[in-house]
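Q: Just passing along the structure, written as structure tokens.
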Amino acid sequence: MTINGKDPVLVVVQLTGGNDFMNTIIPYNNPVYYDSRPTVVIPQDQVLPIDDDLAFNPNAAPLKEMYDAGKVAVVQGIGYANSSRSHFRAMDIWHTCEPVKVGTEGWLGRTIREIDPQKENVLTAVNIGRGLPRALSAPGVPVTSVGDLDNVGLMTSIEERERRDKALDMFKKMYAPAIGSGAVMEYLAQTGSDVYTGADVLKQAPAMYESDVEYADNSIAKSLKDVARTHMAGLGTRIFYTSHGGYDHHANELKSHPQLMRELSGAISDFFDDLRAHDAAEEVTMLVFTEFGRRMRDNGSGTDHGSGGGAFLIGERVNGGLYSEYPSLDPARWLNGEDLDWTYDFRGIYSTVLDQWLGLDPVPIVDGQFEQLKPFARG
Amino acid sequence: MAKSDLALMAHLLRRAGFGATRDEIEEYAEKGYEDVVEDLVNPERCPPLDEDIISRYYDGENHVIWTSTWMYRMIVTRRPLVEKMALFWHHVFATGAGKVEHGPSMINQIQMFRKHGFGDFRTLLVELSRDPAMIFWLDNNENRLGEPNENYGRELLELFSMGAGNYSEDDIKNASRAFTGWTFTQPIPLYPQGHHPSEFVFKPQEHDYGPKTFLGESGNFDGEDIIDIIVRQEATARFIARHLYNFYVADEPQVPAWPIEPPQDQEAIDAIVQTYFDTGGDMRAIMRMILLSDFFKEARFKKVKSPTELVTGVLKLGGSITAPQPGIGRYQAATGLMGQQLLNPPTVEGWHTGREWIDGGTLNERINFAVEHIGDAEKPGVQEIIRRLGGNGDGGSARLSPEDFTERCLTLAGPLDVGEQTRQTLLDYARSGGTLDLSAPEERGKSVPRVVHMLQMIVSSKEYQFA
Amino acid sequence: MGRPYGLLRAGYPYLKTLGMRRITNFPLDIAIGDEGRLYILCRNDGAALIRVWSIDDAERLTDDLVGIGSYGSGEGQYTWPVNIIRDADENLYVSDEALHRIVSFSREGEYIGSWGEAGEAEGQLNGPAGIAFDADENMLVVDSLNHRVQKFSREGEFIGGWGSFGDGPGEFDMPWGVTVDELGYVYVVDWRNDRVQKFDSDGEFVFEIGSSGDGPGELNRPAGVAVDRFGDIYVADTGNNRVQLFNEHGRYVQRFIGDSTLSRVARDYMLTNAYPNRLRDMADLEGEKRLRAPKNVRVDDDLMFVPDYRSYRVQVYKNEAIPLDEHQISEPLRAPTLATV
């Protein structure tokens, strides 16, 4: 499956901390919303309506524009049974597709294994950020993590250029394939060489990049700019992963959530503008998710961990609109008497993307059959 | 001091502890290997940690401060095997903060490992079964008369004692019934005024007092009776022996492969099993036997360092952490980025060890962490290496040939055995700068950065990834 | 202002609780401003803040939480703050035992300056902990890891000091808190020696209170000390989770172990949290009342403030002691008696 001769690319954006879905896509004509949120509320006259029921958060105007242009699919009420309120656990569930037992292998790790079974390209998957999210982790699957594309790879603390080059050169020699040194030593050499090669290739990306799009100065804008630069360098990356943190608004939500909405929607909009300007947008779909939504009622300053979140699929080939069902606001149907329920299993959206976008069999990757949506335009 | 003695002592301290400064290695080596082993397995012979200053400077309650404080303990303790043993049991009885959000219970579990990790295995299993964090982690709080929850019963047999394949599904059911009613008190919740403790409680009205059959024995068993039977099984001794071997001696395949793949050193396992039965499962005696064995002494660099071992080892080498200091949270963050978030193992199976610690992301983090930390010439540990290279003590000299420069650095930072590829690369570097001259201040200005660079490359090497 | 001849200790009831988790995380000290303003100093490794709060507590959780300074090591920041005190103009001074300096702010939060140099020579600091002004507004600084007390001008000029490591009179082992009473006497909490030492303004030893233990009048790693207008001495007995009250001669009078109720913000918060309310309903709530590792105690007029470190709150007590003149209380007795009237 190719698009204009190019392989499809998936960009996953994780909103860390549990985004307040009800204040992102707002049921602005429902009195229950206003009753439940005496403080942490978006006034009715400020919202950006989609229809008579729902509206975008006013700080997500760039995303609303993309929505109006038909490029944003809102996946409502996404979740799973017995939603975990623990950040760690809930994130693990999203990463591993294992809501009951505890899993270790990431769904994207399995995806990468399908895309590049021979491990031909260490940049098949690139994580913009440090460490490795469990979603990308699977035994034997190489993933390159990039903390900062302008200072990528090994020995980044050595500031002096000449000395760092020297160190990298020595590293390359120390990690050159050493046949007969034992399986683990050989594996280490291979992994070290992969890290070196990945970084060596990646560091060319900034030099090849030129753009009129000016990204804002915040972490998600910087991350998505790094995604854009890497994608446009044509290094064969099929999966990008990055995170936007700070959504755990137990307090002060009215101050910080708008800021995050502005940063996120601005960065996404700039990112796609950038890709379009370089004729590199058609082949890219973005999936935005969070580990859970938040409590129905506010606590006077913020909202506590809840369930019933929402996700977005964004891209040129996406058929924009509302998908699945907004969770019922009827208090009789609140989960645990205080949460939005879920209406759509998150593994369905994974299956949709795997099957309809990446052209892979989703069943072994998400471990089962789940109802898919039809968010992609044909052709 | 013979180099071989120092290398053996460094090996012992990497395995039974968290690495050591050069001074410590010499001090221990002076004492003699067997005496040091006695000190390690009899921690009360060495001074305890200064708990006062820990509570004065590291008081508080969140995941970061708890894990940081544990790492601090690993680095400064004079009873390193206590902390290493606690880490070992944390690997085996893996309980995770991902589910057990009640931090005080997580901390109490580790404290219980410190207290009972060196005792007999039976007591440890009883304490484990009464541990609120474990009870919640494996749902034993939901295990009651008429509605058994088998999660704890199953893992007790499969992962904590005997290993898969040594019992039947009926045994699991009966073991689970024996632990009905073993639960904990509801702690006052975190909000709005902080964590409060939870304690083990036995609820007779939830306990199944009926007859049970377990591993062929019948009776009105309760949890302690089940544990009594478990600890008599050879499978238990073999399973724990293999865990000990994997953690302290050499990397084995992951636990799920154990029923299929035989141990790499069957004789060693047999010897540990023998000691287990000779001493009634006394962990102290078993650890003494392992540390004194030839198979242990010969297993140098046969294990990939865990992230915790790598970070604490680098910190010990740098020598800058001797008292509480701010910002220690970054070190627990570092192990997290390398794939080991303390107090939060990924599953009840614990962390996958050995080569599975290594992937592109984690290797990158390991190297960058070590290079950054050792890149500071002002660190006491780096200063000490420079001082020794410069002729102050043990064979250094103010002027060193490239060969001596390389060898001395490998010795002082380890001693580390390296392969030809690494040695040649380091040697080429040393030769490119000629003689290392630490004799005069103006020469030192040029030579010190060369020493730092050499050390940075050593801690970046493949070989340094092994313990 | 003289001290009363004696006191009728009519009671010292618990009054109220201020703050909660997220508002006042790990409070270890509090400075009392005019008109009911409070400056609550909070610290945990990797985080610290000064929360501006009101003695009336807020009506409800507010989104306009005000703080002064921030965590860090730059200008106007603090890393390991220990004490916060005010001067007559309500400027605030914070000791920082990680950065070895004193940093000051106006009450609006404007950064004024900082002073302090790390080291062990005279006038240098290693782990400054307790701070207090004397009557001349010179600052006494407990130089904890140098085991001494040093006196500086408000701007940081070294004036003098006393003390060295040890457990004899005038010696210290990692001292922590300090206060100056209105007669000019200096009280230093000798943390690792489990005692409080009283000195005159020149540093001459007067007496000591406490010894190791958990009985009445005994101390376990105390951290803070305060003296009220009657001369009563309050010690934050951190390791015993209590505050102890001694009279001006150092005789043990009573102890405070905590009687907390939920603060107003905490109640507000809990009304929207069904799940933790259920958990509270299942739990034994006795322990929630108690102090946990209080790291200081402050008195202001008739109120006593105890930053209740591990419970994320400040407990406030009200002194109902009535001063007595010599006609209202008899002469001191040299022995106890069983005569009753």
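The values are calculated or read from the model by the stated rules, or taken from the named source; none is laboratory data. No experiment lies behind these values; they were computed from the predicted model shown. Every residue, glycine as well, gets a Cβ built from its backbone with ideal geometry; the counts of neighbours run over all protein chains shown.
Q: If B:Arg284 passes every condition in (1) in contact with a strand residue (DSSP E or B) (Cβ under 8 Å, 6 or more places away or on another chain); (2) more than 11 Å from chain A (Cβ to nearest Cβ) but one, which one does it miss?
A: (1)
Q: Please go through the stretch B:310-331 and pick out each residue that is away from every other protein chain (no Cβ under 14 Å) and under 20 Å from the mean Cα position of the chain (by Cα).
A: Within the stretch B:310-331, B:Thr312, B:Gly313, B:Leu315, B:Lys316, B:Leu317, B:Gly319 meet the criteria.
Q: Based on what the data block shows, is B:Gly32 within 14 Å of chain A (Cβ to nearest Cβ) and of a type outside the set (Asp, Glu)?
A: no
Q: Going by what's in this entry, would B:Gly336 be described as away from every other protein chain (no Cβ under 13 Å), modelled with pLDDT under 95 and closer than 26 Å to B:Ile53 by Cβ?
A: no
Q: Another question about this same structure. Residue under question is A:Gly106, and the condition is that it be out of contact with any strand residue (DSSP E or B) (no Cβ under 7 Å at 6 or more places or on another chain) and not hydroxyl-bearing (Ser, Thr, Tyr); does it hold?
A: yes
Q: A:Lys172 is checked against (1) at the interface with another protein chain (Cβ under 10 Å from one of its Cβ atoms); (2) crowded, with 16+ Cβ neighbours inside 10 Å; (3) closer than 27 Å to B:His352 by Cβ and fails just one. What number does that condition carry?
A: (3)
Q: Can you say whether B:Thr347 is facing chain A (nearest Cβ under 7 Å), among the polar types (S, T, N, Q) and surrounded by fewer than 21 Cβ atoms within 10 Å (Cβ to Cβ), as far as the supplied structure shows?
A: When the stated conditions are applied, B:Thr347 passes them.
Q: Counting only residues that are assigned to a strand (DSSP E or B) and either within 18 Å of the chain's Cα centre (by Cα) or away from every other protein chain (no Cβ under 14 Å) (or both), how many does the stretch A:306-341 have?
A: Residues in the stretch A:306-341 being assigned to a strand (DSSP E or B) and either within 18 Å of the chain's Cα centre (by Cα) or away from every other protein chain (no Cβ under 14 Å) (or both): 12 in total.
Q: Quick check, is A:Asp194 touching a residue at least 40 places away in the same chain (Cβ under 8 Å), in a helix (DSSP H, G or I), facing chain B (nearest Cβ under 8 Å) and not aliphatic (A, V, I, L, M)?
A: yes
Q: Let me ask something else. Of (1) farther than 30 Å from B:Asn62 by Cα; (2) assigned to a helix (DSSP H, G or I); (3) free of Cβ contacts under 8 Å to residues at least 40 places away in the same chain, A:Asp52 satisfies all except one. Which?
A: Evaluating A:Asp52 over (1) farther than 30 Å from B:Asn62 by Cα; (2) assigned to a helix (DSSP H, G or I); (3) free of Cβ contacts under 8 Å to residues at least 40 places away in the same chain leaves (2) as the failure.
Q: Any idea how many residues of the stretch B:61-101 are buried (at least 20 other Cβ atoms within 10 Å of the Cβ) and more than 19 Å from the chain's Cα centre (by Cα)?
A: 3
Q: For the stretch C:261-289, give me each residue that is surrounded by fewer than 17 Cβ atoms within 10 Å (Cβ to Cβ), of a type outside the set (S, T, N, Q) and under 13 Å from C:Val314 (Cα atoms).
A: Within the stretch C:261-289, C:Lys289 is the sole residue that qualifies.
Q: Of all residues in the stretch C:245-294 being away from chain B (no Cβ under 12 Å) and among the aliphatic types (A, V, I, L, M), which is farthest from C:Asn44 (Cα to Cα)?
A: Only one residue fits best here, namely C:Val253.
Q: Continuing with this model, one more query. From the list B:Ser439, B:Ser401, B:Ser461, B:Ser447, exactly one residue is under 28 Å from the mean Cα position of the chain (by Cα) and among the hydroxyl-bearing types (Ser, Thr, Tyr). Which is it?
A: After applying the criteria, what remains is B:Ser461.
Q: Let me ask something else. I need every pair where a residue in the stretch A:173-186 that is under 19 Å from B:Gly354 (Cβ atoms) has its Cβ under 7 Å from the Cβ of a residue that is among the hydroxyl-bearing types (Ser, Thr, Tyr), sequence separation at least 6 or different chains.
A: A:Tyr175/A:Ser193; A:Tyr175/A:Tyr196
Residue-by-condition table, conditions (1) in contact with a Phe, Trp or Tyr (Cβ under 8 Å, 6 or more places away or on another chain); (2) surrounded by fewer than 19 Cβ atoms within 10 Å (Cβ to Cβ); (3) under 24 Å from C:Asp300 (Cβ atoms); (4) in contact (Cβ under 8 Å) with a residue 24 or more places away in the chain:
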position: C:Gly184; (1), (2), (3), (4): no, yes, yes, yes
position: C:Gly213; (1), (2), (3), (4): no, yes, no, no
position: C:Val225; (1), (2), (3), (4): yes, no, yes, yes
position: C:Phe230; (1), (2), (3), (4): no, yes, yes, yes
position: C:Val235; (1), (2), (3), (4): yes, no, yes, yes
position: C:Tyr252; (1), (2), (3), (4): yes, yes, yes, yes
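Q: With A:Val122, A:Val126, A:Val143 as the choices, which residue is touching a Ser or Thr at 6+ places or on another chain (Cβ under 6 Å), β-branched (Val, Ile, Thr), closer than 27 Å to A:Leu15 by Cα and at the interface with chain B (Cβ under 8 Å from one of its Cβ atoms)?
A: It is A:Val122.
Q: Inspect all residues belonging to the stretch C:114-121 and state whether any of them is surrounded by 17 or more Cβ atoms within 10 Å (Cβ to Cβ), modelled with pLDDT of 95 or more, polar (S, T, N, Q) and in contact with a Gly (Cβ under 7 Å, 6 or more places away or on another chain).
A: Looking for residues that are surrounded by 17 or more Cβ atoms within 10 Å (Cβ to Cβ), modelled with pLDDT of 95 or more, polar (S, T, N, Q) and in contact with a Gly (Cβ under 7 Å, 6 or more places away or on another chain), one finds none in the stretch C:114-121, hence no.
Q: Also, quick follow-up: Can you say whether B:Asp376 is part of a helix (DSSP H, G or I), within 13 Å of chain A (Cβ to nearest Cβ) and among the acidic types (Asp, Glu), as far as the supplied structure shows?
A: no
Q: When you go through (1) surrounded by 15 or more Cβ atoms within 10 Å (Cβ to Cβ); (2) facing another protein chain (nearest Cβ under 9 Å) one by one for B:Asp428, which number turns out not to apply?
A: For B:Asp428, the failing item is (1).
Q: Out of (1) crowded, with 24+ Cβ neighbours inside 10 Å; (2) free of Cβ contacts under 8 Å to residues at least 60 places away in the same chain; (3) under 27 Å from A:Ser86 (Cα atoms), what's the single condition that is false for A:Thr352?
A: With respect to (1) crowded, with 24+ Cβ neighbours inside 10 Å; (2) free of Cβ contacts under 8 Å to residues at least 60 places away in the same chain; (3) under 27 Å from A:Ser86 (Cα atoms), A:Thr352 is out only on (1).
Q: If you check A:Gly359, A:Gly337, which single one turns out to be on the phi > 0 side of the Ramachandran plot and modelled with pLDDT under 95?
A: So the residue among A:Gly359, A:Gly337 that is on the phi > 0 side of the Ramachandran plot and modelled with pLDDT under 95 is A:Gly337.
Q: Take the conditions of a type in the set (D, E, K, R) and in contact with a helix residue (DSSP H, G or I) (Cβ under 9 Å, 6 or more places away or on another chain) and apply them to B:Arg366. Does it pass?
A: yes
Q: Answer yes or no as to whether B:Gly434 is at positive phi, modelled with pLDDT under 90 and not in a helix (DSSP H, G or I).
A: no
Results for (1) more than 12 Å from the chain's Cα centre (by Cα); (2) exposed (fewer than 14 other Cβ atoms within 10 Å of the Cβ); (3) not in a strand (DSSP E or B), shown as yes or no for each residue.
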residue	(1), (2), (3)
C:Pro294	no, no, yes
C:Phe305	no, no, no
C:Tyr317	yes, no, no
C:Ser330	yes, yes, yes
C:Leu333	yes, yes, yes
C:Ala339	yes, yes, yes
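Q: Could you list all residues from the stretch A:175-185 that are more than 7 Å from chain B (Cβ to nearest Cβ), among the aliphatic types (A, V, I, L, M) and closer than 21 Å to A:Pro139 by Cα?
A: A:Ala183
Q: Restricting to the stretch B:68-98, what's the tally of residues that are more than 19 Å from B:Phe160 (Cα to Cα) and within 14 Å of chain A (Cβ to nearest Cβ)?
A: Residues flagged as more than 19 Å from B:Phe160 (Cα to Cα) and within 14 Å of chain A (Cβ to nearest Cβ) within the stretch B:68-98 amount to 1.
Q: I'm trying to understand the selection: among the residues of the stretch B:1-50, which are exposed (fewer than 14 other Cβ atoms within 10 Å of the Cβ) and either in a helix (DSSP H, G or I) or among the aromatic types (Phe, Trp, Tyr) (or both)?
A: B:Lys3, B:Ser4, B:Asp23, B:Glu27, B:Glu30, B:Lys31, B:Glu34, B:Asp35, B:Glu44, B:Arg45
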